[in-house]
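Here is the structure we will look at.
The values are calculated or read from the model by the stated rules, or taken from the named source; none is laboratory data. What you see is a predicted model, and the numbers here were worked out from it, not measured in a lab. Neighbour counts run over all protein chains shown; Cβ positions are idealised from the backbone, glycine included.
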Amino acid sequence: MLRNDVAHEGQGAGKILVLPGGQALQLAAALSRGGAAMSRFRCCLIVLAAAHWGAAAAVSEAAPRAAGPAEGAVTAIVGATVVHAELDGAAASSSDSTVIIAGNRIKAVGPAATTKVPRGARVIDGHGKWVIPGLIDSHVHFFQSGNLYTRPDAADFGTWRPYASEVQRNQARLPQTFRVWLASGVTSVADVGGPFWNFQVRDAARNSAAAPRVAVTGPLISMVEDPKLDLGDPPIVRISSAEEARQLVARELERKPDYIKVWFIHRPEDDLAAQQAIVRASAEAAHAAGLRLAVHATELLVAKSALHAGADFLVHSVEDEPVDEEFLALAREHHILYCPTLFVRMGYFYALSGTWQATEAERRLADPQVLAGLRLDEVPRDKLPERVAKLVSEHREVAPPTVAMQNLLKVWNAGITVVMGTDAGNIGTLHGPGVFREMELMQRAGLTPLQVLRSATVNGAATMALSDLGSVAAGKLADLVVLDADPLVEVANLSHASIVFRNGHVFTPAGLMSTLH
């Protein structure tokens with residue numbers, strides 16, 4: 001969160017019929033054919049979370065139905081190139097491979113010539129395709145939509161569209177928001193802060209097959225007030241003492257959050273030591289409950305203060321100056337997760353200056369309502385907030401976040417766990433296909449396509465505290481994406497999914513998106 005500032009038929013295979021809503025239905029069975037280290041604390045969290053999550057619950061009647069995973073149902077992807085993002089060099093991909101999925105788990109992965117397809121399995125022809133783990137976005141906000149009206153503290157369009165109606169829209173449209181995530185190949189997301197109704201978002205996702213896995217926390221423990229976002233269930237709560245922090249953590253613990261989150265805003269007149277005490281109290285309360293502490297801290301001084309206080313997850317880049325050896329040593333010592341969120345500030349500028357343009361992937365995969373809500377030219381001139389009118393008149397170019405990009409490369413090379421995250425929901429940063437803008441900037445910062453993919457899969461599994469996510473291997477959960485192009489050549493190829501598996505359920509992006517248009 002920012003402050004103001006098709007399926008294919010195999011030869012002789014059972015046919016797959018794709019229905020509206022993303023459903024992939026087997027018509028006839030195929031004939032059998034042959035064919036970086038975590039602390040003990042985080043490892044314990046992964047084990048606990050694995051028990052906590054479990055399988056998805058019953059499918060909502062409003063959600064598009066997906067094929068499987070029926071008891072005993074088996075699917076085989078035959079002849080594909082499997083990408084192993086946890087490995088390096090030639091070992092990172094295996095051509096002409098078969099992936100066997102039984103129920104909601106991967107049963108086997110191996111060479112097509114020697115990996116036997118079980119009799120009666122549904123077969124998907126994977127020749128000319130690439131299979132990757134489902135993508136994981138480690139920083140999203142479901143209480144925000146990504147349109148112009150979602151952050152009145154940054155730009156208040158209330159005389160044109162009241163904020164209350166925007167929040168109601170976001171709540172009512174959750175099923176569609178879930179689908180754009182899946183259509184983009186994103187099978188897990190971490191919502192790192194919002195109102196208490198955030199916990200209902202997690203419940204809704206668990207009760208729908210057509211939704212990503214969702215980790216959540218509740219209101220942000222904040223150093224500052226943000227009254228424009230307070231409609232009675234505020235996403236941000238100002239805390240003035242360590243005791244108040246402990247009290248808010250206790251309220252959130254009643255809802256069984258996956259994280260606790262601090263919004264660490266430090267101004268020159270603020271007492272850094274007093275603020276650090278609030279962060280430390282929050283960390284101690286979170287850790288006592290077996291949870292990690294996520295912290296918004298975008299300046300080097302503040303980020304180091306957060307790490308000294310016990311932060312486990314920095315949800316943004318250090319943006320103001322190059323990271324130093326002290327920061328890198330602290331980050332390694334605490335085994336933190338580091339989420340760059342490189343595009344989000346650019347998204348604000350593009351949208352509020354009237355220069356935001358949807359990418360090709362966003363035209364295919366974004367919620368059309370949100371795209372329409374980014375049309376600044378449809379807002380009457382006399383309804384434009386003063387800040388927005390000024391940005392429109394200045395015709396300034398937006399520059400990539402150079403310091404943040406340089407810091408990303410330093411952090412990666414220092415062996416710190418980098419996780420891909422977008423801060424989706426902020427103005428101009430879309431749920432779903434916003435991941436492709438973020439990953440393109442990560443590549444421009446100097447990461448290889450393999451490293452970017454690793455941040456969004458293997459490393460993202462650490463965000464979700466689920467050790468059986470993030471790789472294509474026997475025993476892992478069947479969260480997979482079948483791509484039409486090689487993701488190790490160019491990260492943009494990650495936007496070309498033909499099939500998405502979530503917990504063994506099979507979807508097509510076209511089918512999912514057909515329910516939104």
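General observations
- Lone qualifier among 179, 161 - being crowded, with 20+ Cβ neighbours inside 10 Å and either more than 17 Å from the chain's Cα centre (by Cα) or assigned to a helix (DSSP H, G or I) (or both): 179
- Taking the criterion of being farther than 27 Å from residue 188 by Cβ and of a type in the set (Ser, Thr, Tyr), the only residue of segment 96-134 that qualifies is 114.
- Selected residue (criterion: surrounded by the most Cβ atoms within 10 Å (Cβ to Cβ)) from residues of segment 331-354 that are hydroxyl-bearing (Ser, Thr, Tyr) and touching a helix residue (DSSP H, G or I) at 6+ places or on another chain (Cβ under 8 Å): 341
- Verdict on residue 152 being part of a helix (DSSP H, G or I) and either surrounded by fewer than 24 Cβ atoms within 10 Å (Cβ to Cβ) or within 19 Å of the chain's Cα centre (by Cα) (or both): no
Residues are listed down the side, and each one gets a yes or a no for (1) closer than 20 Å to residue 405 by Cβ; (2) at pLDDT 95 or above; (3) charged (D, E, K, R):
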site: 310; (1), (2), (3): no, yes, no
site: 322; (1), (2), (3): yes, yes, no
site: 328; (1), (2), (3): yes, yes, no
site: 333; (1), (2), (3): no, yes, yes
site: 338; (1), (2), (3): yes, yes, no
site: 347; (1), (2), (3): yes, yes, no
site: 353; (1), (2), (3): no, yes, no
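Residue-by-condition table, conditions (1) within 18 Å of residue 317 (Cα to Cα); (2) touching a strand residue (DSSP E or B) at 6+ places or on another chain (Cβ under 8 Å); (3) among the aromatic types (Phe, Trp, Tyr):
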site: 397; (1), (2), (3): no, no, no
site: 415; (1), (2), (3): yes, no, no
site: 419; (1), (2), (3): yes, yes, no
site: 431; (1), (2), (3): no, yes, no
site: 437; (1), (2), (3): yes, no, no
site: 444; (1), (2), (3): yes, no, no
site: 458; (1), (2), (3): no, yes, no
site: 474; (1), (2), (3): no, yes, no
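- Test: residue in segment 253-262 that is at positive phi and of a type in the set (Lys, Arg): yes
- Only one of the listed residues (466, 441) is within 27 Å of residue 364 (Cα to Cα) and hydrophobic (A, V, I, L, M, F, W, C). That residue is 441.
- Among the residues making up segment 245-273, a single one is of a type in the set (Lys, Arg) and in a strand (DSSP E or B): 261.
- Exclusive hit being in contact with an Asp or Glu (Cβ under 8 Å, 6 or more places away or on another chain) and within 24 Å of residue 192 (Cα to Cα), set 365, 374, 342: 342
- Here residue 208 does not fit the description of being in a helix (DSSP H, G or I) and either at pLDDT below 95 or over 17 Å from the mean Cα position of the chain (by Cα) (or both).
- First in segment 389-406 and surrounded by fewer than 10 Cβ atoms within 10 Å (Cβ to Cβ), second anywhere and modelled with pLDDT of 95 or more and of a type in the set (Val, Ile, Thr), Cβ under 6 Å, 6 or more apart: none
- From the list 369, 357, the lone residue that is assigned to a helix (DSSP H, G or I) and among the polar types (S, T, N, Q) is 369.
- Within segment 80-106, the set of residues being assigned to a strand (DSSP E or B), over 26 Å from the mean Cα position of the chain (by Cα) and surrounded by fewer than 18 Cβ atoms within 10 Å (Cβ to Cβ) comprises 95, 96.
- Hits in segment 300-326 (condition: assigned to a helix (DSSP H, G or I) and touching a Phe, Trp or Tyr at 6+ places or on another chain (Cβ under 7 Å)): 300, 302, 303, 304, 306
- Here the condition is being farther than 24 Å from residue 361 by Cα and buried (at least 23 other Cβ atoms within 10 Å of the Cβ); of 185, 194, it holds for 194 alone.
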